[in-house]
Amino acid sequence: LAAVLNEYAVCDTIKHFKENSSYPISYQDPQGTLDSVSLMVGYKNLFYWMNDYPEKIDHLFKVVNEALIEWVKLQKSYSGDELDHCAGGINVPLPDGQGVWWADDDSVILSPEMYKRFVVPHYSSLFGSFGSGMLHWCGNANHQLENILGIEEITSVHNYILGNVDDAAVV
């Protein structure tokens, strides 16, 4: 029930601002598949289950990935945005053709091997459903850069370092 009420609240808010403002309207803070799954099941369960039940975690990632795509498509239907257009995210306007941004903050705590195994296979469709897009994370995910650079549908990144600026990656 809470999810349905949230849907109406978010979509009604988008509709209100679309009708009463000239400001660009974006969609709700989009946590990516990894962040969404970890919020649903908790870190401890997720990490154990990745090892103990990898096929079930793959299925969960697939279901959540598809739900996230449909959720943003629904919000864009209210804002009037084309799928490959995004009003921006994290105060960064996105160029034409980049229709989405996703937060991937939990990339900082996952090993590159686990990220490649469970996350990368889903991100092509997560970003590709909107043309391409921007991946955001807070913290240091330098250990994921090879994985992230291998996903063609991610065409830009945004990072809040949250620490020593010398640890920042240059992409």
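The values are calculated or read from the model by the stated rules, or taken from the named source; none is laboratory data. As the structure is a computational prediction, the values presented were derived from the model and not from experiment. Here the Cβ is made from the backbone with ideal geometry for all residues, glycine too, and neighbour counts use every protein chain on show. Remember, those area values only see protein heavy atoms, side chains included, never the ligands or the DNA or RNA. Shrake-Rupley method; radii C 1.70, N 1.55, O 1.52, S 1.80 Å.
Leaving ligands, DNA and RNA out of it, work out the accessible area of residue 96 with a 1.4 Å probe and give it in Å² to the nearest 10.
Surface accessible to solvent at residue 96 totals approximately 140 Å².
Computing the accessible area with a 1.4 Å probe over protein heavy atoms, can you report the carbon and sulfur percentage for the range 19-171?
Values: 4290 of 8010 Å².
So the carbon and sulfur contribution to the accessible surface is 54 percent.
Mean residue ellipticity at 222 nm from the helices of the chain, using -39,500 (n - 2.57) per DSSP H segment of n ≥ 4 over the full residue count, to the nearest 500 deg cm²/dmol? Don't jump to the answer; show the numbers that get you there.
Numbers: 6 runs with 78 residues, N = 171.
The per-residue figure over the chain is -14500 deg cm²/dmol.
When only DSSP loop residues count, what GluC sites (Glu not before Pro) in the range 1-86 have their Cβ near at most 14 other Cβ atoms within 10 Å? Before the final figure, lay out the partial values.
Details: sites: 7, 19, 55, 66, 70, 82; in loops: 82.
When the GluC sites (Glu not before Pro) of the range 1-86 are filtered for loop state and at most 14 Cβ neighbours within 10 Å, 82 remain.
At a probe radius of 1.4 Å, what is the per-residue accessible area of residue 17, in Å² to the nearest 10?
Accessible area of residue 17: about 100 Å².
Of 114, 50, which has the most accessible area and how do the rest follow, probe 1.4 Å?
Working: 114 45, 50 5 Å².
My answer, sorted largest first, is 114, 50.
Apply the Karplus curve 6.51 cos²θ - 1.76 cosθ + 1.60, θ = phi - 60°, to the phi angles in the range 134-145 and return the couplings in whole Hz, x for Gly and Pro.
10, 9, 10, 8, 9, x, 10, 10, 3, 5, 9, 4
Looking at [x] 60, 36, 31; [y] 48, 40, 27; [z] 48, 35, 27, which value of Cα extents along the principal axes in Å comes from a calculation on the structure shown?
The value matching this structure is [y].
Ignoring everything but the protein chains, give the 1.4 Å probe accessible area of residue 53 in square angstrom, nearest 10.
110
Which of rounded, prolate, oblate describes the range 81-167, given a ≥ b ≥ c as roots of the alpha-carbon gyration tensor eigenvalues and a/c under 1.5 marking rounded, otherwise prolate only if a/b is larger than b/c?
Working: a/c = 2.49, a/b = 1.32, b/c = 1.89.
Oblate shape, in that a/c is at least 1.5 and b/c is the bigger or equal ratio.
Could you pull out every residue, at least 5 positions away or on a different chain, whose amide H is within less than 5 Å of the one on residue 101? Hs are placed 1.01 Å off N in the peptide plane, and Pro or chain starts have none.
134
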